[in-house]
1. So, with +1 on the Cβ of K and R and -1 on the Cβ of D and E, and no other charges, what is the size of the charge dipole of the chain about its Cα centre, to the nearest 20 debye?
2. Looking at region 38-117, which chymotrypsin sites (Phe, Trp or Tyr not before Pro) are DSSP coil and have at most 14 other C-beta atoms within 10 Å of their C-beta?
3. Around PHE164, which amide H atoms from residues at least 5 apart in sequence, or from another chain, sit under 5 Å from its own amide H, with H modelled in the peptide plane?
4. Enumerate the calculated ³J(HN,Hα) couplings along region 19-25 in order (Karplus 6.51 cos²θ - 1.76 cosθ + 1.60, θ = phi - 60°), each rounded to whole Hz, writing x wherever the residue is Gly or Pro.
5. Convex hull over the Cα atoms of region 297-404, averaged projected area in nm²?
6. Per the Cauchy relation, a quarter of the hull surface: what is the mean projected area of the convex hull of the alpha carbons in the chain, in nm²?
7. When the Karplus curve 6.51 cos²θ - 1.76 cosθ + 1.60 is applied with θ = phi - 60°, which whole-Hz ³J(HN,Hα) does each residue of region 194-204 get, with x for Gly and Pro?
8. Which of ARG315, ARG24, ARG430 has the fewest other C-beta atoms within 10 Å, and how do the rest follow up to the most?
Amino acid sequence: MSDSTVADLQTSLAGGPELPQERRLVTAVPGPRSTELFARRGTAVARGVGTTLPVFVDRAGGGVIVDVDGNSLIDLGAGIAVVSVGNAADAVVARVREQVARFTHTCFMVTPYDGYVQVCEALNRLTPGDHDKRSALFNSGAEAVENAVKIARAHTGRQAVVVFDHAYHGRTNLTMAMTAKNMPYKHSFGPFAPEVYRVPMSYPFRDGPGVDGATAARRAIELIEAQVGAANVACVLVEPIQGEGGFVVPAPGFLPAVAAWSRDVGAVFVADEIQTGFCRTGDWFACDHEGVVPDLVTTAKGIAGGLPLAAVTGRAEIMDAPHVGGLGGTYGGNPVACAAALGAIETMQSQDLSAAARRLGAVMSARLTDMARRHEAIGDVRGRGAMVAVELVRPGTKEPDAAATAAVAKACHAEGVVVLTCGTYGNVLRLLPPLVMPEPLLEEGLTVLDTALAVTAS
Ligand SMILES: Cc1ncc(COP(=O)(O)O)c(C=O)c1O
């Protein structure tokens, strides 16, 4: 590498929490440089890889993303719930730098290293329950879910996997089968893995007041017993708050009842905390809210401040069911990703990001509830901690309005606020700010959203 390239790199190392925490638009969004790069992307990158907002990133940190045109955008997506500690967080950068200079890869299955063990120890300590636990590390959320199923099948000697309506578990073959929504995740990609059974979720907005958590759990359990057979169930796998499916928060009592039934019939109860974990909902894990202790927990996203890392953590006797050599992969628990995870976890602890999530959540819920009074298109405001959403419907009905949702998101993007959509019907706007987001910046982002709702969806 020439000296000038090194110098260029040094001056461009200016992301992270020191970036001015402001919304600043100096061009249209996307600006000319982003537009040029987006055209190049079209000739180089496969079309199947979609884009929410066609701005190219130069740097990011705290609650902002700075694009190549110099616009500073408010980040209410956190890279889909990943950079909870903020982009390029100090402790993540320091530990990654140090690790990358020592060694980048040996493969933990060939010659192990301490960082992997430390991350497993942290996961065993932080996940719900104080029983004896073990962890195994992987690269992506989908890979963690696949491995949770492998472990549950090895432990029980059974095959059936029970999942829920609106579930999202990934894009590999097995996890596509487990994911509910056809477009864009599954369409034309079958056949899918067998022995996956779907039952109704508790969805208070659409179930109505007559279906409380216990009733919704009974509805699901009766279907499992009748159509799958309790004795065939290897695992029941559920997101404690559904992510891509629409930030669906089950009614109180639903998760504890499903977990208790699973245990009674000898099935492994798996909480997919890939989107909800690591302080996002105001607790370390969303299961903590109702004191649910899963047998296995899958984690990814927020675990490592933006580096690819995922895990399965759970009861030692279940985790140790697979034979030696049955779990792993070349890159799983890469040393640099493990260093990043240790930096991210340290940041969550030292900055008490669960409390920060609750504070940001209170701001978002209050503002969105107020907007719901003024914008008839908002059918429901829901979420927990810094994982909050609005479901948009045609006024006076519960009919999903995906077009209005897309229009509101687009209007926010044009004003320099990154928001994401989700939901089986494409009609949910979700807010997932980095947990280090300054409150005035969050307030400004919400004001932009309020205006976008007034202009496009009322
Ligand atoms: C709950 C849940 N499970 C699994 C996944 C898949 O994770 P990944 O995209 O890292 O494979 C996601 C991703 O959005 C998720 O939200």
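Read-outs: derived from the displayed coordinates by stated rules, not from any lab. Since the model is a prediction, treat every value here as computed from it, not as a measurement. Cβ coordinates were reconstructed from backbone atoms using ideal geometry, including for glycine residues, and neighbour counts include every protein chain displayed.
1. Once rounded to the nearest 20, the dipole reads 800 debye.
2. Details: sites: PHE38, PHE56, PHE103, PHE108, TYR113, TYR116; in loops: PHE56, PHE103, PHE108, TYR113.
Here the chymotrypsin sites (Phe, Trp or Tyr not before Pro) that fit, given the DSSP loop and packing criteria, are PHE103.
3. VAL199
4. Using θ = phi - 60°, the values come out as 4, x, 8, 8, 8, 9, 10 Hz.
5. In nm², the orientation-averaged hull projection of region 297-404 is 10.6.
6. Details: hull surface 87.9 nm².
Mean projected area for the chain: 22.0 nm², to one decimal.
7. x, 6, 10, 10, 10, 10, x, 8, 7, 9, x
8. Working: ARG315 19, ARG24 12, ARG430 25.
By the 10 Å Cβ count, ascending: ARG24, ARG315, ARG430.
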